[in-house]
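The values are calculated or read from the model by the stated rules, or taken from the named source; none is laboratory data. Fair warning: this is a prediction, and the values are worked out from it, not measured in the lab. So basically every Cβ, Gly included, is an ideal-geometry build from the backbone, and we count neighbours across all protein chains shown. Protein only, heavy atoms only, side chains kept; ligands, DNA and RNA dropped before computing areas. Shrake-Rupley method; radii C 1.70, N 1.55, O 1.52, S 1.80 Å.
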Amino acid sequence: MEKKQTISTKKLVRTALLAALTVAGSALRITLPLEVAGTTSFHLGNIFCALSGILLGPWFGGLAAGLGSAIYDMTNPLYIPEAWITFLFKGAYGLVAGLIAWSGKKRWNYVKSIIATVAGALTYAILYLAKSYFYNGLLVQGLTADAALVTVIGKLPATTFNAVVAIIFAPILAVAIRTALEENHLALE
């Protein structure tokens with residue numbers, strides 16, 4: 001007889017909490033209106049995308065990261081049309097971070113959290129920059145290949161900054177949260 005797996009209330013609440021923190025982190029932003037690259041932003045949402053994967057594992061972490069980021073996009077009329085893309089790409093961020101953090105027999109630790117965040121950040125950066133080039137640049141705006149490449153180059157500083165901030169802060173927060181939960185007998189499942 002096949003055993004059904006149930007989703008605990010704690011897991012759902014933690015997923016919703018990290019999705020909400022991702023919305024809040026995404027809202028803490030400085031938007032740079034660049035003539036060449038369109039709009040690009042420095043923000044703190046990527047910290048919570050990585051943290052979601054590290055704390056919740058790949059599936060629920062990916063869901064929290066994608067859902068929180070997409071909900072943020074739905075609060076701004078400029079971003080609404082691409083909220084579904086954000087859901088997929090930021091979901092991939094949390095998914096990859098979770099796959100690495102939860103891989104192997106040894107539970108995640110600080111070093112594994114850094115590696116997970118780097119992998120998640122690289123995954124997202126590649127997806128985002130490819131979308132900026134192919135989808136936004138070539139397809140939507142009808143730019144030449146060179147002009148689309150210039151838009152991608154214009155987005156590199158903010159994309160790099162957001163990745164580096166996540167790589168620095170997500171592992172620190174993950175260890176602090178995990179330690180606090182374990183000390184209060186609320187260990188992650």
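Brief remarks follow.
- Averaged over its residues, the chain has an accessible area of 54 Å² per residue, based on protein heavy atoms and a 1.4 Å probe.
- For the peptides 162-173, 111-122, 21-32, residues were scored by their other Cβ atoms within 10 Å and the scores averaged per peptide; the highest-first order is 111-122, 162-173, 21-32.
- Amide hydrogen neighbours beyond the local backbone of S41, cut-off 5 Å, H modeled: L32
- Cα-based radius of gyration of the chain once divided by 2.2 N^0.38 Å, which approximates compact folds: 1.07
- Extension gain, L139 to A24: 0.36 nm times the residue separation minus the Cα-Cα distance gives 38.3 nm.
- With θ taken as phi - 60° and the Karplus curve 6.51 cos²θ - 1.76 cosθ + 1.60 applied, the whole-hertz 3J(HN,Hα) list for the range 79-93 is 9, 3, x, 10, 4, 5, 5, 4, 4, 5, 6, 6, x, 5, 4 Hz, x standing for glycine and proline.
- Evaluated on the range 2-91, the Kirkwood hydrodynamic radius is 13.5 Å, with distances taken between all distinct Cα atoms.
- Here's the picture: charge each Lys and Arg Cβ at +1 and each Asp and Glu Cβ at -1 in the chain, and of Q5, N46, A24 the one pushed furthest to the positive end of that dipole is Q5.
- Ranking F134, N162, G120 by how far each Cα lies toward the positive end of the dipole of the range 87-189 (charges on Cβ) leaves G120 at the top.
- Square roots of five times the Cα gyration tensor eigenvalues for the range 94-189, Å: 36, 12, 10
- For the range 160-167, 3J(HN,Hα) computed residue by residue from phi via the Karplus equation (6.51, -1.76, 1.60; θ = phi - 60°) reads 5, 4, 4, 5, 5, 4, 5, 5 Hz, glycine and proline entered as x.
- Pairwise label distance in nanometres, T6 with L186, each label 7 Å out on the Cα-Cβ vector: 2.2
- Surface composition of the chain: carbon and sulfur atoms hold 73% of the protein heavy-atom accessible area at a 1.4 Å probe.
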